[in-house]
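Asks: Quick one: the structure is below, and I'll ask about it shortly.
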Amino acid sequence: MGLAMARMGRLNAVSNEGPRLSRHPSRGAASFAVALLCLALGACASDESQSEDPVQTEATADGRLVLTLSERAAERLNVATAQVTSTGTARVVPYGAVLYLPDGSTWIYVQQSDLTYLRESIEIDSITADGVAIALGPPTGSFVVTMGVSEFWGVESGVGE
């Protein structure tokens, strides 16, 4: 049995862990680390599409920011929008579109044009299974951001700077 174990690899005589499959186990770990590093560096390689700013901002007269995303940034954030609908007299937005700030104010990001968004104040009338009925906010038919809201706020509020 000792000969068979020796053929599989050397025995760890100190801790009696049994056979090792490699004579140099640290080489496997080092190879793995090098592979991960190469993948990371490859992901950071620059080309024209990665050198552009992912988002450009422009201040409005009232201090809000117009956010214009690059196509790549919109894809990476998986930005999704939905239309403001109406049910009777109420305008309704998806619950995921609403941004609640620490001061209690409620906002929504409205699509101004392709890849361009602006945060607008809303007043919530009620919350139902169908979404959030708003008393004040964008008109019916407007497109509002439903995925990417927190990332947009992060850009506006300077997270990561």
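Asks: Scan region 134-152 and tell me whether some residue there is farther than 14 Å from Gln83 by Cα and β-branched (Val, Ile, Thr).
Replies: Looking for residues that are farther than 14 Å from Gln83 by Cα and β-branched (Val, Ile, Thr), one finds at least one in region 134-152, hence yes.
Asks: So, in region 116-160, how many residues would count as being crowded, with 17+ Cβ neighbours inside 10 Å, assigned to a strand (DSSP E or B) and polar (S, T, N, Q)?
Replies: Result for region 116-160: 1.
Each value in this text was obtained by applying a stated rule to the coordinates, not by laboratory testing. These figures come from a predicted structure and were not determined experimentally. Virtual Cβ from ideal backbone geometry, glycine too; neighbours counted across all protein chains shown.
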